[in-house]
1. Around R2, which amide H atoms from residues at least 5 apart in sequence, or from another chain, sit under 5 Å from its own amide H, with H modelled in the peptide plane?
2. Taking Cα centroids, how far is segment 124-144 from segment 53-118 in Å?
3. Contact order normalised by length for the chain, with contacts defined as Cα pairs under 8 Å and 6 or more residues apart; what percent is it?
4. Can you pull out the GluC sites (Glu not before Pro) in segment 67-117 whose DSSP state is coil and whose Cβ has at most 16 other Cβ atoms within 10 Å?
5. Nearest 10 degrees is fine. How inclined is helix 89-99 to the longest principal axis of the chain, computing both from alpha carbons?
6. Could you name the lysines in cross-link range of K144, using Cα to Cα under 20 Å and dropping any fewer than eight places away on the same chain?
7. Name the residue, out of V37, V49, V106, whose mean-square fluctuation peaks in a Gaussian network model built on the chain with Cα pairs under 10 Å.
8. Between V83 and R2, what is the label-to-label distance in nm when each label sits 7 Å out along the Cα-to-Cβ direction?
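The values are calculated or read from the model by the stated rules, or taken from the named source; none is laboratory data. Predicted, not measured: the structure shown is a model, and the values here were computed from it. FYI the Cβ positions are ideal-geometry reconstructions off the backbone, even for glycines, and counts take in every protein chain you see. Surface areas here come from the heavy atoms of the whole protein model, side chains and all, with no ligands, DNA or RNA. Shrake-Rupley method; radii C 1.70, N 1.55, O 1.52, S 1.80 Å.
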Amino acid sequence: MRKFLVILDDSRECLNAMRFAALRAEHTGGGIEILSVIPPDEFNHWIGVGDIMREEARERIVAHFEVFAKWMRDRHQLEPHLVIREGEPATEILAQISEDPEIGVVVLGASSGGKGPGPLVTYLTKSAGTLPIPLTIVPGDLTKEQLEGIA
């Protein structure tokens with residue numbers, strides 16, 4: 001089964017990437033893998049405090065994931081899988097792709113703000129020619145109706 005890898009973060013454009021991936025998975029019989037990466041700089045504190053912060057970050061990610069997972073189950077009959085990694089986001093995305101041969105497409109949301117599409121989109125598009133799988137970039141300003149029309 002081909003899986004769509006979607007990145008879960010706090011960005012607004014993440015929602016459109018989730019919607020697009022769910023629609024494509026539903027229409028193609030694929031699966032959804034949701035990756036969230038905890039950056040290492042969040043835990044540069046004393047060891048005990050860092051461990052508590054790490055656990056709190058994981059709890060926030062799981063709570064955020066459950067919102068998307070419920071929507072995917074109810075609306076699209078999909079059972080997404082959550083993966084949480086720690087490290088630099090771009091490095092961890094590439095590592096996840098190389099470790100899971102079922103991942104067939106990476107889906108990223110692009111920011112519509114004036115500061116560019118976002119750091120992950122910028123980094124991965126520069127590497128797009130060497131990625132082992134396609135990269136789909138979903139514009140952050142597309143409406144739900146537009147996404148449904150193109151997915």
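1. The list, which skips near neighbours in sequence, is G31.
2. 14 Å
3. With pairs under 8 Å counted, the relative contact order is 33 percent.
4. E102
5. Once rounded, one gets 70 degrees.
6. K70
7. Highest fluctuation of the listed residues: V49.
8. 1.7 nm
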